[in-house]
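The values are calculated or read from the model by the stated rules, or taken from the named source; none is laboratory data. A quick note: this is a predicted structure, and the numbers were derived from the prediction, not measured. So basically every Cβ, Gly included, is an ideal-geometry build from the backbone, and we count neighbours across all protein chains shown.
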Amino acid sequence: MITLLIDGKQVEVKEGTTILEAARQAEIYIPTLCDDPRLEPYGACRLCLVQVKGMPRLVTACTTPVAEGMEVQTSNEQIERIRKTIVELLLSDHPNDCMVCEKAGDCTLQELAYFYNLRENRFLGERRQYAQRDNNPFIERDMEKCVLCGKCVRVCEEVQAVAAIDIAYRGFNAKVTPPFEKDLNCEFCGQCISVCPTGALIGKLSIGRGRQKDIQKVDTICPYCGCGCNITLHVSRNEIIRVSSSPDNINEGWLCVKGRFGFKFVNSPDRLKKPLIKKNGKFEEVSWDEALDYVASKFREIKDRYGPDAIGGLSSARCTNEENYLFQKFIRATIGTNNVDHCARY
Amino acid sequence: MQKEVVIKICMGTGGIAAGGKEVMQAFIEELKQQGIDATVEKHCSVHQVGCRGFCARDVLVDVIMNGEKTTYQFIKPDMVPRIVEEHIVGGVVVDEWAVKEDYHAFHEKQVKVVLADCGEIDPESIDSYIERGGYEALKRVLSEMSPEEVIKVIKDSGLRGRGGAGFPTGLKWEFARQKNSDTKYIICNADEGDPGAFMDRSIIEGNPHSVIEGMVIGAYAIGAKTGYVYIRAEYPLAVERLKIALAQAKEKKFLGENILGKDFSFEIKIKLGAGAFVCGEETALIASIEGRRGMPRAKPPFPVEKGLWGKPTVINNVETLANVPYIIRNGASWFAQYGTEKSKGTKVFALTGKVKNTGLIEVPMGISLREIIYDIGGGIEGDRRLKAVQTGGPSGGCIPESMIDISVDYESLQKVGSIVGSGGMVVMDETDCMVNIARYFLEFTQTESCGKCVPCRIGTKRLLEILTRITDGRGRPGDIDLLLILSEDIKAGSLCGLGQTAPNPVLSTIKYFRDEYEAHIHDKRCPAGVCKNLLTYTILEEFCKGCTMCARVCPAGAIVGEKKKPHRIVQEICIKCGACFETCKFKAIRKG
């Protein structure tokens with residue numbers, strides 16, 4: 001263990017911990033835009049600059065490992081001045097259309113602008129403007145709002161191992177883009193959206209369907225497979241408009257395309273809400289009791305007439321382990337056959 | 001008795017651009033015609049040499065007859081027959097084309113270590129290098145010295161990184177030596193990118209083997225088996241000569257498996273840079289070799305701990321490595337005799353701007369700026385007044401005329417807000433606008449920023465915008481303070497050296513030439529008469545003879561007047577091109 005002083009507070013952390021992680025453990029706030037504890041340190045936004053006693057320059061807390069006896073100052077006049085300049089510079093190259101931005105209320109840049117009370121801007125000048133829209137079905141990419149924190153690029157490479165995007169061009173014109181500025185054509189896991197600190201990356205399905213403050217959040221489990229990812233449904237006006245996942249849960253906040261974007265069926269008019277039984281050549285809605293009794297009677301009929309091996313059971317990867325266990329138990333013990341299998345075997 | 005004749009033709013990029021290839025061809029053909037044919041090849045050989053520094057006088061040709069050397073300047077192919085006839089056949093030097101006193105003055109105060117063999121040897125011949133003692137150092141290192149002893153010599157010599165930062169080379173090697181790793185790398189940084197700097201290119205073009213020898217010695221010292229030369233693709237001739245040199249070195253067993261029969265193997269690979277200035281920054285360079293986007297990362301860990309592919313890596317600049325064989329050959333104290341207490345040896349500078357003699361110069365550290373400008377550079381063009389010297393390229397600063405007696409070394413330059421850098425040296429006179437100079441350098445750094453960190457990406461853009469509006473005559477009160485604050489924040493806040501030094505041209509020009517900024521902002525006037533929007537040209541009636549020359553050259557038709565009577569410029573039509581000013585023989589046009 002390593003002991004250091006952060007803002008005069010003694011902190012004990014494991015070796016290899018960064019100053020930023022140590023400060024968080026000690027509940028000392030350091031602003032960041034490009035940090036994500038799940039990704040490799042990047043050191044680009046420069047908001048987490050801190051003073052370490054004995055070091056000639058300010059260092060980024062996110063990239064600097066702690067050392068025994070280190071004395072860290074997370075704020076002073078110079079540091080605050082630089083942080084303010086950085087946020088001001090970012091805002092000078094930002095549409096600042098928070099009134100209509102989907103991210104308003106959940107935007108790190110907006111929060112920083114608020115806390116630094118940036119009503120005016122000393123650095124107004126040219127702003128990046130892009131006419132081109134990305135026509136992919138899921139991810140709205142508004143690169144005018146991008147702060148180049150590189151989180152989307154990193155999550156795509158480090159976590160998803162897809163590397164569908166990277167930074168192109170230089171200097172002020174640097175821009176995150178798919179190869180050759182084409183439309184995004186990836187697996188659409190949407191991890192990039194989940195890490196974006198601003199409104200640069202937004203799920204297309206949720207656009208115009210509810211402000212952050214009106215959203216009711218419902219924690220549940222993803223229904224798509226046995227992984228059991230924890231998800232949070234964002235509900236507005238009694239409809240799911242978005243799915244997110246918290247970084248502190250079992251799947252560390254990562255989801256796939258189905259879990260993140262496959263929620264439209266919930267409100268589909270074609271969705272069956274009650275069982276149907278065909279009577280006189282037409283499907284009729286019936287109660288669950290009637291439907292289950294009907295299925296049970298048919299199973300019994302087949303079993304009596306042809307024996308249990310005339311029946312087989314095929315289970316689904318969308319079921320949980322427990323459900324699959326119960327299913328094979330039912331087929332083996334109740335029906336009395338070993339004809340049971342699972343789609344994941346094929 | 002047959003005369004011994006050697007003809008050496010400058011064939012660096014500068015020489016070739018000036019027509020070196022054609023001159024060489026003319027010599028070969030002319031000699032053949034005159035009957036001094038191939039049979040006397042031994043006695044009369046024409047060959048190419050690398051850069052000798054005085055590029056402004058290209059094509060430079062040495063004619064050496066029986067050991068006596070005559071240097072000709074500004075040679076064109078059609079001048080060759082006369083040189084051959086009068087000088088080589090007739091034995092009479094063509095005086096009017098030979099270099100004069102000023103050529104020798106250019107070289108007199110220079111001390112050539114890394115450039116000693118450039119311009120003397122044929123860069124495409126390893127034998128030519130060996131004849132002048134090449135690879136002697138490597139032989140000695142491999143047969144007599146332990147890696148630790150090599151490091152000690154380099155440490156004792158006081159050699160510091162010539163790429164700009166000036167880190168002690170021996171110390172860097174020692175750190176790498178001490179790292180416990182089965183794989184280590186040595187990289188030669190030949191991604192020379194400062195505008196106007198071309199010392200690394202000239203060294204590789206003129207004496208590639210010195211760099212290779214330096215690298216092999218470095219590899220032996222730190223324990224590396226593989227090395228890379230990261231070189232700009234924009235240097236095709238240097239790349240070509242390097243490739244030739246690598247093949248030759250391998251053939252002679254100075255490179256490859258079991259070098260000189262010893263238990264030491266080392267190979268060198270060439271990696272071409274794709275033209276990004278930031279890739280000269282070592283962590284960005286490493287990323288680029290690894291196939292990733294050339295973006296710097298935070299240090300520590302330093303490359304010497306975690307470098308290429310995560311292994312301990314030493315990155316040395318071309319000039320640094322080229323010094324190594326000479327230090328080993330002549331000893332640490334020989335090298336340390338040049339320079340100041342903390343900055344030893346020599347440094348190559350690209351002297352350009354408003355001096356009479358421009359070109360590549362090698363001077364001992366500690367020489368004064370005055371000696372460089374007035375003795376080597378021959379003074380200011382047109383004998384105008386010196387205003388400032390910009391050193392260190394876009395990362396450097398401007399040193400005003402009042403400080404011209406400053407010693408040129410790492411510490412002294414840093415103290416006044418500039419740096420040695422990779423060795424750019426631009427001399428400016430009273431016709432240079434300091435705000436415009438700052439704007440020029442910011443334009444460069446701004447486009448070359450990688451865009452990773454905010455202060456550099458957006459901050460330098462805003463600096464440039466403010467500078468542009470000042471030079472356009474739209475400067476606002478408070479702009480100077482805004483420049484100062486933003487500059488300080490960019491310096492302290494940026495990730496890598498590019499951003500950390502980008503504001504230097506702004507800060508140093510404000511420090512020493514604040515009045516020029518104020519004149520632009522408050523008086524809407526450019527004292528040097530450079531910024532177009534702030535210029536007016538007026539005709540001084542008392543001097544105007546009415547010759548009509550100005551009216552005739554004016555592309556906008558803005559000058560009116562009758563013949564032999566004073567003319568007048570219609571300001572609304574004037575496009576401020578300056579054509580009238582250049583044309584007037586009577587100094588009747590005032591600019592300002």
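Looking at the range B:261-279 only, could you name the residues that are in contact (Cβ under 8 Å) with a residue 40 or more places away in the chain and not in a loop (DSSP other than H, G, I, E, B)?
Of everything in the range B:261-279, those that are in contact (Cβ under 8 Å) with a residue 40 or more places away in the chain and not in a loop (DSSP other than H, G, I, E, B) turn out to be B:Phe266, B:Glu267, B:Ile268, B:Lys269, B:Ile270, B:Lys271, B:Leu272, B:Gly273, B:Phe277, B:Val278, B:Cys279.
Does A:Gly259 qualify as being closer than 30 Å to A:Gln212 by Cα and assigned to a helix (DSSP H, G or I)?
The answer is yes for A:Gly259.
Spot the failing condition for B:Glu131; the list is (1) in the same structural domain as B:Leu237 (by TED's automatic domain parsing); (2) surrounded by 14 or more Cβ atoms within 10 Å (Cβ to Cβ), and only one is missed.
Among (1) in the same structural domain as B:Leu237 (by TED's automatic domain parsing); (2) surrounded by 14 or more Cβ atoms within 10 Å (Cβ to Cβ), B:Glu131 violates only (2).
Specify which of the listed residues (B:Glu362, B:Glu371) is charged (D, E, K, R) and under 15 Å from the mean Cα position of the chain (by Cα).
Being charged (D, E, K, R) and under 15 Å from the mean Cα position of the chain (by Cα) holds for just one of B:Glu362, B:Glu371, which is B:Glu362.
Assigned to a helix (DSSP H, G or I) and either under 26 Å from B:Ile121 (Cβ atoms) or more than 20 Å from the chain's Cα centre (by Cα) (or both), is that true of B:Ala219?
Spelling it out, B:Ala219 is indeed assigned to a helix (DSSP H, G or I) and either under 26 Å from B:Ile121 (Cβ atoms) or more than 20 Å from the chain's Cα centre (by Cα) (or both).
Let me confirm something: among B:Lys172, B:Lys243, which residue is basic (Lys, Arg) and surrounded by fewer than 18 Cβ atoms within 10 Å (Cβ to Cβ)?
Going through B:Lys172, B:Lys243 in turn, just one is basic (Lys, Arg) and surrounded by fewer than 18 Cβ atoms within 10 Å (Cβ to Cβ): B:Lys243.
Modelled with pLDDT of 95 or more, surrounded by 14 or more Cβ atoms within 10 Å (Cβ to Cβ) and not in a strand (DSSP E or B): does that describe A:Glu140?
On the way: modelled with pLDDT of 95 or more: yes; surrounded by 14 or more Cβ atoms within 10 Å (Cβ to Cβ): yes; not in a strand (DSSP E or B): no.
Here the answer is no, as A:Glu140 does not meet what is asked.
What are the pairs with Cβ atoms under 6 angstrom where one residue, in the range B:286-313, is of a type in the set (Lys, Arg) and the other, located anywhere, is assigned to a loop (DSSP other than H, G, I, E, B) and surrounded by fewer than 22 Cβ atoms within 10 Å (Cβ to Cβ)? Sequence gap at least six, or different chains.
As it stands, the answer is B:Lys311/B:Ser181; B:Lys311/B:Thr183, since those pairs meet every condition given.
Picking from A:Gly16, A:Gly69, which residue would you name as being modelled with pLDDT under 95, out of contact with any Leu (no Cβ under 6 Å at 6 or more places or on another chain) and more than 20 Å from A:Cys146 (Cα to Cα)?
Unique residue meeting the criteria: A:Gly16.
Just to be sure, is B:Asn316 at pLDDT below 95 and buried (at least 19 other Cβ atoms within 10 Å of the Cβ)?
In short, no.
Taking into account only those residues within the range A:61-79 that are without any contact (Cβ under 8 Å) to a residue 40 or more places away in the chain and within 11 Å of chain B (Cβ to nearest Cβ), which is surrounded by the most Cβ atoms within 10 Å (Cβ to Cβ)?
Among them, the one singled out is A:Ile79.
Across the range B:527-574, what is the number of residues that are touching an Asp or Glu at 6+ places or on another chain (Cβ under 8 Å) and not aliphatic (A, V, I, L, M)?
Adding up the residues that qualify gives 5.
Take A:Glu140 and decide whether it is without any contact (Cβ under 8 Å) to a residue 60 or more places away in the chain and acidic (Asp, Glu). Give the steps one after another, and end with the answer.
Numbers: without any contact (Cβ under 8 Å) to a residue 60 or more places away in the chain: no; acidic (Asp, Glu): yes.
Considered against the rule, which asks whether it is without any contact (Cβ under 8 Å) to a residue 60 or more places away in the chain and acidic (Asp, Glu), A:Glu140 comes out as no.
What do you reckon, is A:Ile202 buried (at least 17 other Cβ atoms within 10 Å of the Cβ), assigned to a strand (DSSP E or B), out of contact with any Cys (no Cβ under 6 Å at 6 or more places or on another chain) and away from chain B (no Cβ under 14 Å)?
Details: buried (at least 17 other Cβ atoms within 10 Å of the Cβ): yes; assigned to a strand (DSSP E or B): yes; out of contact with any Cys (no Cβ under 6 Å at 6 or more places or on another chain): yes; away from chain B (no Cβ under 14 Å): yes.
Answer is yes for this residue.
Return only the number of the condition from (1) touching a strand residue (DSSP E or B) at 6+ places or on another chain (Cβ under 9 Å); (2) in the same structural domain as A:Val218 (by TED's automatic domain parsing); (3) of a type in the set (A, V, I, L, M, F, W, C) that A:Ile331 does not satisfy.
Going through the list (1) touching a strand residue (DSSP E or B) at 6+ places or on another chain (Cβ under 9 Å); (2) in the same structural domain as A:Val218 (by TED's automatic domain parsing); (3) of a type in the set (A, V, I, L, M, F, W, C), A:Ile331 breaks only (2).
For the range B:367-397, name all the residues that are out of contact with any helix residue (DSSP H, G or I) (no Cβ under 7 Å at 6 or more places or on another chain), closer than 13 Å to B:Gly353 by Cβ and among the aliphatic types (A, V, I, L, M).
Those that are out of contact with any helix residue (DSSP H, G or I) (no Cβ under 7 Å at 6 or more places or on another chain), closer than 13 Å to B:Gly353 by Cβ and among the aliphatic types (A, V, I, L, M): B:Leu369, B:Ile372, B:Ile373, B:Ile380.
Which one of these is modelled with pLDDT under 85 and not assigned by TED's automatic domain parsing to the domain that holds B:Glu381: B:Val80, B:Val94, B:Val49, B:Val61?
Of B:Val80, B:Val94, B:Val49, B:Val61, the one residue that is modelled with pLDDT under 85 and not assigned by TED's automatic domain parsing to the domain that holds B:Glu381 is B:Val49.
Scan (1) assigned to a helix (DSSP H, G or I); (2) in contact (Cβ under 8 Å) with a residue 60 or more places away in the chain for the single condition B:Arg177 breaks and write down its number.
It is condition (2) that B:Arg177 fails.
Please pick out the residue among B:Gly158, B:Gly119, B:Gly196, B:Gly166 that is touching a Phe, Trp or Tyr at 6+ places or on another chain (Cβ under 6 Å) and more than 26 Å from B:Ser265 (Cβ to Cβ).
On the way: B:Gly158 fails: touching a Phe, Trp or Tyr at 6+ places or on another chain (Cβ under 6 Å); B:Gly119 fails: touching a Phe, Trp or Tyr at 6+ places or on another chain (Cβ under 6 Å); B:Gly196 fails: touching a Phe, Trp or Tyr at 6+ places or on another chain (Cβ under 6 Å).
Only one candidate qualifies: B:Gly166.
Does B:Glu267 meet the test of being surrounded by 24 or more Cβ atoms within 10 Å (Cβ to Cβ), over 20 Å from the mean Cα position of the chain (by Cα) and more than 28 Å from A:Glu157 (Cα to Cα)?
Numbers: surrounded by 24 or more Cβ atoms within 10 Å (Cβ to Cβ): no; over 20 Å from the mean Cα position of the chain (by Cα): yes; more than 28 Å from A:Glu157 (Cα to Cα): yes.
In short, no.
State which residue is nearest to the other protein chains (Cβ to nearest Cβ) when the search covers only the range A:28-60 and only residues that are surrounded by fewer than 22 Cβ atoms within 10 Å (Cβ to Cβ) and outside any loop (DSSP other than H, G, I, E, B).
Applying the filter and picking the extreme gives A:Val59.
Which residues, counting only those in the range A:159-184, are part of a loop (DSSP other than H, G, I, E, B) and either within 21 Å of B:Lys461 (Cβ to Cβ) or among the polar types (S, T, N, Q) (or both)?
Correct list: A:Gln160, A:Tyr169, A:Arg170, A:Ala174.
Name the pairs whose Cβ atoms lie under 7 Å apart, with the first residue in the range A:188-206 and charged (D, E, K, R), the second not in a helix (DSSP H, G or I), and 6 or more positions between them or separate chains?
As it stands, the answer is A:Lys204/A:Pro137; A:Lys204/A:Phe138; A:Lys204/A:Ile139; A:Lys204/A:Glu140, since those pairs meet every condition given.
Only residues that are within 22 Å of B:Leu534 (Cα to Cα) and among the basic types (Lys, Arg): list them for the range B:545-587, please.
Selection gives B:Arg568, B:Lys576, B:Lys587.
When B:Leu482 is evaluated against the numbered criteria (1) surrounded by 17 or more Cβ atoms within 10 Å (Cβ to Cβ); (2) aliphatic (A, V, I, L, M); (3) under 30 Å from A:Leu47 (Cβ atoms), which criterion, by number, is the only one it fails?
With (1) surrounded by 17 or more Cβ atoms within 10 Å (Cβ to Cβ); (2) aliphatic (A, V, I, L, M); (3) under 30 Å from A:Leu47 (Cβ atoms) applied to B:Leu482, the lone miss is (1).
So in the range A:301-346, with the set limited to residues that are among the polar types (S, T, N, Q) and closer than 21 Å to A:Gly228 by Cβ, which one is farthest from the chain's Cα centre (by Cα)?
It comes out as A:Gln328.
Would you tally the residues in the range A:93-118 being without any contact (Cβ under 8 Å) to a residue 40 or more places away in the chain, within 19 Å of A:Leu47 (Cα to Cα) and in a loop (DSSP other than H, G, I, E, B)?
Of the residues in the range A:93-118, 3 are without any contact (Cβ under 8 Å) to a residue 40 or more places away in the chain, within 19 Å of A:Leu47 (Cα to Cα) and in a loop (DSSP other than H, G, I, E, B).
Rundown of residues vs (1) buried (at least 24 other Cβ atoms within 10 Å of the Cβ); (2) of a type outside the set (Phe, Trp, Tyr); (3) modelled with pLDDT of 95 or more; (4) in the same structural domain as B:Ser395 (by TED's automatic domain parsing), yes/no style:
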position	(1), (2), (3), (4)
B:Lys415	no, yes, no, yes
B:Ile419	no, yes, no, yes
B:Arg457	yes, yes, yes, no
B:Leu464	yes, yes, yes, no
B:Thr471	no, yes, yes, no
B:Leu495	yes, yes, yes, no
B:Asp515	no, yes, yes, no
